Amino acid sequence: MGDITRLIARARDGDRDALDGLFQAVYPELRRIAHTRLRRGFPDPDLGTTALVNECYLKLCEAERVEAGDRAHFFSYTAAAMRSIVVDIARSRASERRGGQALHVTLDDEQGGDSGAEDEIIRVHEALDEIGKLDPRLVRLVEMRYFAGMSDLEIAAALDVTDRTVRRDWQKARVLLAAALS
């Protein structure tokens, strides 16, 4: 059993020192994943790679225990945490763009404005909630690919399937997402 797997097992049992050690051990890889996600465009220019990884760490610290069995599952778990962070920020930015809680009165029937990256992230998040009712594995795949920027091989390891299955599932997920987003 590797060091990371041992740290995951201890963190799963609620050992906070193990969680700290785990994050220290996988920090470079989490930074790479976060950087990949942010490089593809994100609605908050103030959120950098380090900030996203740190937010992910804080989110995992809020949980009583880490729900991961091994390294691959841990990265799947962090992808879900990154999804949550990205969606929360996108919702906040979309709300700010629309004036937050202010009452909006328009003088014409058209609601102008650019939908932006925030809206896309929120729409994908909502579509995933629907897809999750059909196939939860597809949701995890999209989280890892879209929200965490993981490669097919990384996703295959996390889901314990072949990379061919990941590619096939990605095609299915794209069709379901397209239908849900239309």
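A short reminder: the numbers here are calculations on the coordinates, not readings from a lab. Bear in mind the structure is a predicted one, so any value in this text is a computation, not a measurement. Ideal geometry is used to build each Cβ from the backbone, glycine not excepted, and the neighbour counts take in all protein chains shown.
Beta carbons within 10 angstrom, averaged per residue: use that to sort the peptides 85-91, 164-170, highest first.
85-91, 164-170
How charged is the neighbourhood of ALA72? Take every other residue with its Cβ under 10 Å from the Cβ of ALA72, and add Lys/Arg as +1 and Asp/Glu as -1.
With Lys, Arg at +1 and Asp, Glu at -1, the neighbours total -2.
Just order 20-29, 4-13 by mean Cβ neighbour count inside 10 Å, highest at the front, would you?
4-13, 20-29
Once amide H atoms are built 1.01 Å from N in the peptide plane, which residues 5 or more positions from GLY69, or in another chain, come under 5 Å H to H?
Correct list: PHE74.
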